[in-house]
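Written out below as structure tokens is the structure these notes cover.
The values are calculated or read from the model by the stated rules, or taken from the named source; none is laboratory data. Given the structure is predicted, the values throughout are model-derived calculations rather than measurements. We place every Cβ from the backbone using ideal geometry, glycine too, and count neighbours over all the protein chains shown.
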Amino acid sequence: MNRSTLTVPPAGTPQPEPHPEASVGVPLGPHYARCFGCGPDHPTGLHLEAVSHDGLSVHAEFTVGDLHQGAPGLAHGGVLATAIDEALGMVVWLLRKPYVTGRLETDYLRPVPVGTTLLITTRCTGVVGRKAYLEAEARLDAPDGPVAVRGAAVFVEVPAAHFERHGGGAGGMVPGREVNP
Ligand SMILES: CCCCC/C=C\C/C=C\C/C=C\C/C=C\CCCC(=O)SCCNC(=O)CCNC(=O)[C@H](O)C(C)(C)COP(=O)(O)OP(=O)(O)OC[C@H]1O[C@@H](n2cnc3c(N)ncnc32)[C@H](O)[C@@H]1OP(=O)(O)O
């Protein structure tokens, strides 16, 4: 495998343009009611809630509960990576194209106790061909709280048929959230 492992766009990549119809300043809602990251109907999911910021970035919140522990009283690192992944996925949703996570990096800077609300900011830093470059920052309990986790990712654009071919298709996706309307 010779592909690049970089999660930042190559030097000289222009600033990404928001989609002209990207939601701005509104709650994004779940894309699927049973999604582990954002679905309100998932019994043990993260129930992450997010608001679009400016068409290329998202503010999301996730409160760490008992079900999310790794060590006693502390969030599991994989759960935190899931929260980051989900909040990054909400940014590519703003681009109005179907994407999947190709590569996801997480840096854990501080432990995250149960009961903490993580404020996660994610943004797109560039789009090159089918690849969208993204970054994330999760702070403890306040927008200016200490940074607990940083993330960076490459998402890869896929045809809508990807979900049909590999999963159950778009059944159950929240109406009105279709890609490329
Ligand atoms: C019917 C309607 C359906 C509607 C549904 C629509 C949308 C739903 C989408 C979003 C939902 C909204 C909110 C967010 C939700 C969730 C957030 C979490 C998201 C996830 O949790 S999602 C699950 C985990 N995720 C996967 O399940 C991916 C499994 N995987 C694959 O499906 C393939 O592996 C794929 C498609 C990634 C690539 O396969 P492929 O054959 O299509 O493309 P190929 O390999 O040619 O790569 C093309 C270019 O991407 C570069 N590239 C590829 N992989 C890379 C990597 N790992 N790192 C760095 N770069 C990479 C290459 O280097 C090349 O770059 P270059 O063009 O420069 O050569």
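Kindly indicate whether any position in the stretch 76-91 is over 24 Å from Pro146 (Cβ atoms) and either more than 10 Å from the ligand (Cβ to nearest atom) or surrounded by 15 or more Cβ atoms within 10 Å (Cβ to Cβ) (or both). Yes, some residue in the stretch 76-91 is over 24 Å from Pro146 (Cβ atoms) and either more than 10 Å from the ligand (Cβ to nearest atom) or surrounded by 15 or more Cβ atoms within 10 Å (Cβ to Cβ) (or both). Set side by side, the residues Pro20, Pro30 differ, and just one is in a loop (DSSP other than H, G, I, E, B), closer than 22 Å to Ala160 by Cα and within 13 Å of the ligand (Cβ to nearest atom), which is Pro30. Checking each residue of the stretch 36-43 against the condition of being under 22 Å from Ala132 (Cα atoms) and touching a strand residue (DSSP E or B) at 6+ places or on another chain (Cβ under 6 Å) gives no match. Kindly establish whether Gly45 is over 16 Å from Pro18 (Cβ atoms), more than 14 Å from the chain's Cα centre (by Cα) and not in a helix (DSSP H, G or I). Yes, satisfied.
Residues that are in contact with a helix residue (DSSP H, G or I) (Cβ under 9 Å, 6 or more places away or on another chain) and more than 16 Å from Leu6 (Cβ to Cβ) do occur in the stretch 90-98, at least one of them. Selection of the stretch 1-34 for residues being in contact with a strand residue (DSSP E or B) (Cβ under 8 Å, 6 or more places away or on another chain) and buried (at least 16 other Cβ atoms within 10 Å of the Cβ) yields Thr7, Pro9, Pro16, Ala22, Ser23, Leu28, His31, Tyr32. Residues considered: His19, His42, His31, His76. Of these, the only one that is out of contact with any Pro (no Cβ under 7 Å at 6 or more places or on another chain), over 21 Å from Glu137 (Cα atoms) and free of Cβ contacts under 8 Å to residues at least 40 places away in the same chain is His42.
Residues that are more than 13 Å from Leu88 (Cβ to Cβ) and within 10 Å of the ligand (Cβ to nearest atom) within the stretch 142-167 comprise Glu157, Val158, Pro159, Ala160, Ala161, His162, Phe163, Glu164, Arg165, His166, Gly167, listed in sequence order. On the stretch given as the stretch 1-46, residues that are at pLDDT 95 or above and of a type in the set (Val, Ile, Thr) total 4. Flag: Ala81 matches the condition of being outside any strand (DSSP E or B) and hydrophobic (A, V, I, L, M, F, W, C).
Residues in the stretch 49-66 include at least one that is assigned to a loop (DSSP other than H, G, I, E, B) and free of Cβ contacts under 8 Å to residues at least 40 places away in the same chain. Screening His47 on (1) crowded, with 22+ Cβ neighbours inside 10 Å; (2) more than 10 Å from the ligand (Cβ to nearest atom); (3) not acidic (Asp, Glu) shows it passes everything except condition (1). If I filter the stretch 107-121 for residues that are at pLDDT 95 or above, under 23 Å from His53 (Cβ atoms) and within 10 Å of the ligand (Cβ to nearest atom), do I get at least one hit? No, the stretch 107-121 contains no residue that is at pLDDT 95 or above, under 23 Å from His53 (Cβ atoms) and within 10 Å of the ligand (Cβ to nearest atom). Every residue in the stretch 122-141 that is basic (Lys, Arg) and within 16 Å of the ligand (Cβ to nearest atom), please. Residues satisfying the conditions are Arg123, Arg130, Lys131.
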